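In what follows, a single structure is set out as structure tokens and then discussed.
Nothing in this text is a laboratory measurement; each read-out follows from the coordinates by a stated rule. Not measured: the values here are computed from a predicted model. Note: ideal-geometry Cβ built from the backbone for every residue, glycine included; neighbour counts use all protein chains shown.
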Amino acid sequence: MERKTIRNFSIIAHIDHGKSTLADRLLQLTQTVSDREFHDLMLDTMDIEQERGITIKSSAVTMRYPADDGTEYTLNLIDTPGHVDFSYEVSRALACCEGALLVVDAAQGVEAQTVGNLYKAMEQDLRIIPVVNKIDLPSANMDEVLLEIENELGLDVDSAVLISAKTGEGVPELLSTLVERIPPPKGDPEAPLRARVFDSFFDEFRGVVVYFRIEDGTMAKGQSVRLMATGRNYTAEEIGHLGISRVPTPELYAGEVGYLISGIKSVEDVRSGDTITDADHPAQQPLPGYEEAKPMVFSSIFPVSTEHYNDLVAAMNRLKLNDASLTFEKVSSAGLGFGFRCGFLGMLHLEVVQERLEREFDMSLVLTAPTVLYRVTMTDGETIEVDNPLLYPDPAQIRKSEEPYIKASIIMPDKYIGPVTELLMNRRADNYRNLYIGTKRVELTAELPLAEVVYDFYDKLKSITQGYGSLDYEPAGYKPTDLVKVDILVNKRRVEALSMLVHRDNAYSWARNACKRLKEEIPPHQFKVPIQGAIGGEIIARETIRALRKDVTAKCYGGDVTRKRKLLERQKEGKKRMKMVGQVEIPQRAFLAVLKHED
Amino acid sequence: MSEQASEAEKTEYGLYFHFPFCLRKCRYCSFFSDRHDNQAEERYFESLLRELTEHVPEGLPLRTFYVGGGTPTLLEPSKWKRLREVTDRHLDTSGVIESTIETNPATSNELHLGELLEAGFDRLSVGVQSLRDVSLRILGRPHTAQEAVQTIRTGRKVGFQRLSFDLIYGIPDQTLEMFREDLQKAIDIAPEHVSCYELSLDEGTEMAGLHKVGVVKKPDEDVCKEMYLLAHEMLTSNGYLHYEVSNYALGEDNTSVHNFCYWRLSPYHGLGPSAHSFDGNRDRWWNVSDNARYVEMLKQGRPPTEERETLTAMQMALELLMLGLRIKDGVNLREVAAKTGLEITPQGREHLEQLRNQGMLTIEEDRIRPTVKGMLFADGMARDLSEHMES
């Protein structure tokens, strides 16, 4: 294939701005899928992705586009994840492209994550084509949006394409603009092989399938290849192009995007950003930009019923095959039995893992309160990292505690500046700044403790701004903090899963909120159940669940025993999702409810 | 009732007839009924006879006969008499020791009740519900307290030896004091049997809807529990036996034999729309809750069954516990094991000890009996104990 007919591109868009719809439209227009095969949101293949309307994993698809000039172009669309938890994957995917479509909703304007991802694309010298989508909406304001793109993003709007992905209007023009403006790939076909991995997933039958883009050289079926991060060699059993299904081919050349199947057992062995080279004639240097994804949020996962630990082990190992950013190690707890201490990229990642374990593996789980990675300097000068409240040292032994910060960027209509500023201040924001970007929109930047952001900050921001606020962030180092460990006692017993490290200023409100939430979630028992929040031996919050007055159907005649029995059977079923702490049954959902707090 | 008697019950059936019409629906009622209509009633009655003669095994031995509803006294007593005659011909009624008919005050007079007695009914269950007019209006009952008392008196006058009296507590706006007055009036009338149950807000009823939107409000749970305890205290100190969560009788002889079929998992056959049946072993089935379909299915010669189920051992054990823990005689775990093959585990024994220590039940060898307090937790105890049953 001639390199000059190849276009590798990505679509940068905010959630709901129509990325998936546009991708679908491109697939249909290029006849990559027939209408019969067509399925909305083609590229988002996990249930959870479809339900939440977000892309979690990268993906890619090759399309053939016969242009008006008679040339058939090969378009490789490399999809990027749409959530801030997975921004590392975005960089890897963008590194495989020469250009990007920047999709902005004609009614909503530019959003923070779009800006964040645009900067990543610009850092990699990608050619950007601004695309204004949803021009069919009555509320579309093209002029204002184009002005924003020009002023805020500094992009030339003369080349902007106006489309409606929904109706298809403007999409053919977009395709011709794409092949015109995005340059073909460069790279030396004669140099030793260097291919950049941007995704991999586990296939039931074939093992790991690696997605990559060749920067230099050629890859051939049967070739001996090496993954440079691990130094391991494999034989390329099958290589090929990515249609909607895989299309095997004997050779792939510099500039092409393709897949590799080579008997790799787990995605852990193939990290995004790694370089594939020829094992016999290896490249001198791997491609730049590879780094290990670092977990940001930690939580322990336990089966509700301790006898299901072995099922959990099996499920975690299965998940790991397909999720390289999930890290875990075995832990045991007096109250919760055996489980895993896990590291996640963020809360969304945590929720996705939890949902997959529950849905795909039918597990009933208890997750401990998520925490960030604290740095604690002991009086003897030793510095330790604490990712588990239960391992927090005796305060008398601590000289200094530090917590991770992030630099957050929030873009929103200016009318929300008051409540969002208040939210930021409640979350201990530092170095707060605001900047008008357009006539009615503003960007706030601030440094925030990661711990204040991970739980529900994004949900809160969305609700305060009625969905118009958007968030992007990047790590911003460690700062000193004043931590206390808050324990929650249910019926005088400490619930290990609910122990939490919090800033001293937040301890009381956290404890009060946790007690209140638990009171709402724990059903009444035959005895009164006190719920307390405590720092060490000091009780700082308290609620009481009244004893159950009765648990019987008043009237039981007429012979319909079935209905009453079924009611009890349903209650028994519900109990399987409850964790016994002493004599008290705590519903599984109570553990997550505690994390939702009010500002 | 002795254990020998309960053995004998296994072969004798309780027979139930459901009369699916009312003048108007009470706000809290979740039993199946339609608005009364003469033609529909006619079709129903013909179908009922058909169900009895074509779909109940001939010669089935009966122990009890019970007519409920709905408002069965809307039907001519002569028709009930005919039904009894057909039953006598088709089934074995020689062992029948109790024949009950439910009546609503304001639907029956002296002549009427006399005819029912003559038709062979010996027990009259009167839906009094409350002796306070405001409460009756809130419940949507079509009669006054005075009429209810009058119906009881008339029943006594025409010669009913066994009268039962339904009383509801936990009615919106009802105070403990008001309920005390209701109870006192009931005691003064001295019926042989009192069914005294808390108002339940069944899904789909008008009362549940009104409660959900806040138009009416039930008394607090604490008050309802006090009402339960007050009923227990006042009725037992006046000679009544508290023999089931919501049922009291003047001595063992006056307990409801028919209702024991349900609580002891003895066999019963239900006829009429929505009626439930149990074969005394593992099979339950029930009729369609639709008058037109009921008539149509019988016309086509089909049994009017909506659905059937065969209980698993665990479901059987759950039912034995759930129902057994409602009655003062409780449940015998050896019998549960004999019927289901499921035994209580050692852990379950510990759980029973805990319940005993909490004053919920007494344990005498294999028999567990709920206390007055324990009866209020029958469902919860059954649910938890069934978790400790293993084969």
Can you give the charge dipole size of the protein assembly as shown about its Cα centre, rounded to the nearest 20 debye, using +1 on the beta carbon of Lys and Arg and -1 on the beta carbon of Asp and Glu?
2340
Please sort through the DSSP H helices of chain B and keep those with an alpha-carbon extent of at least 27 Å along the long axis and a Kyte-Doolittle average not below 1.0.
none
Could you work out how far apart the two model spin labels at A:MET142 and A:LYS294 are, taking each label as a point 7 Å from the Cα in the direction of the beta carbon, and quote it in nm?
4.6
Rounded to a whole number of µm²/s, how large is the Stokes-Einstein D of region B:64-154 at 25 °C and 0.890 mPa s, given Rh as the Kirkwood radius over C-alpha pairs?
177
With θ set to phi - 60° and the Karplus curve 6.51 cos²θ - 1.76 cosθ + 1.60, what are the ³J(HN,Hα) couplings of region A:411-417 in order, to the nearest whole Hz, using x for Gly and Pro?
10, 6, x, 5, 5, 9, 4
Which residues does the label zone of B:LYS157 cover in region B:99-114, counting backbone N under 16 Å from a point 7 Å along Cα→Cβ?
B:105-114
Of the residues A:ILE464, A:VAL529, A:VAL495, the Cα lying farthest along the dipole of region A:459-582 towards its positive end, which is defined by charges on the beta carbon of Lys, Arg, Asp and Glu, belongs to A:VAL529
Just to check, using Stokes-Einstein with a Kirkwood Rh over alpha carbon pairs, what's the diffusion coefficient of region A:297-370 at 25 °C and 0.890 mPa s in µm²/s?
205
For region A:497-599, size of Cβ-based charge dipole, Lys and Arg +1, Asp and Glu -1, in debye
640
Per residue Cα convex hull volume for region B:123-197, in cubic angstrom?
75
On each of the three principal axes of the Cα atoms of region B:24-72, give max minus min coordinate, whole Å, ordered largest first.
39, 25, 13
If each residue's Cβ is checked for other Cβ atoms within 10 Å, how do B:TYR169, B:TYR28 rank with the fewest at the top?
B:TYR28, B:TYR169
If you take the Cα Rg of region B:16-114 and divide it by 2.2 N^0.38 Å, with N the number of residues, what do you get?
1.10
Where a label projected 7 Å from the Cα of B:VAL372 along Cα→Cβ would reach, residues of region B:189-221 with amide N under 16 Å
B:196-197
Residues B:CYS224, A:CYS96 arranged by fewest to most Cβ contacts within 10 Å:
B:CYS224, A:CYS96
Nearest 10, in degrees from 0 to 90: the angle of helix A:504-521 to the longest Cα principal axis of chain A is 80
Per residue of B:373-379, count partner chain C-beta atoms within 10 Å of its C-beta, then hand back the mean as an integer.
5
Determine, for B:TRP285, B:TRP80, the number of other Cβ atoms within 10 Å of each Cβ, and report the residues in order from fewest to most.
B:TRP285, B:TRP80
Starting from the coordinates of the alpha-carbon atoms of region A:194-278, obtain the Kirkwood hydrodynamic radius over all distinct pairs and give the value in Å to one decimal.
12.3
FRET efficiency (B:SER78, A:GLN466; Cβ distance; R0 45 Å; to 0.05) is 0.05
Cβ neighbours within 10 Å from other chains - mean over B:313-326
3
Isolated Cys in chain B by the 4.7 Å beta carbon test?
B:CYS22, B:CYS196, B:CYS224, B:CYS261
Would you calculate the separation in nanometres between label points at B:SER289 and B:THR310, each defined as 7 Å from the Cα along the Cα-to-beta-carbon direction?
2.6
Distribution of pairwise C-alpha distances over chain B, 20 Å bins, in %
26, 60, 14, 0
What Kirkwood radius, in Å to one decimal, follows from the Cα pairs of region B:234-358?
17.0
Note on the protein assembly as shown: C-alpha Rg/Rh, Kirkwood Rh, two decimals, gives 1.09
Using +1 on the beta carbon of Lys and Arg, -1 on that of Asp and Glu, and nothing else charged, what's the dipole of region A:297-370 about the Cα centre, debye to 20?
220
For chain A, longest principal axis from Cα atoms; helix A:309-322 axis from its Cα atoms; angle between them, nearest 10 degrees, is 20
Can you find, among A:VAL552, A:TYR259, A:LEU423, the residue farthest towards the positive end of the dipole of the protein assembly as shown? Put +1 on the C-beta of Lys and Arg, -1 on that of Asp and Glu.
A:VAL552
Once you have all Cα-Cα distances for region A:375-481, histogram them in 5 Å bins from zero and send the whole-percent values.
2, 12, 21, 19, 14, 10, 8, 6, 4, 2, 0, 0
Which three numbers, in whole Å and largest first, are the semi-axes of the equivalent ellipsoid of region A:485-594 derived from its Cα gyration tensor as √(5λ)?
34, 13, 10
On a 0 to 90° scale, report how tilted helix A:171-181 is relative to the longest principal axis of chain A, with both axes built from alpha carbons and the result rounded to the nearest 10.
70
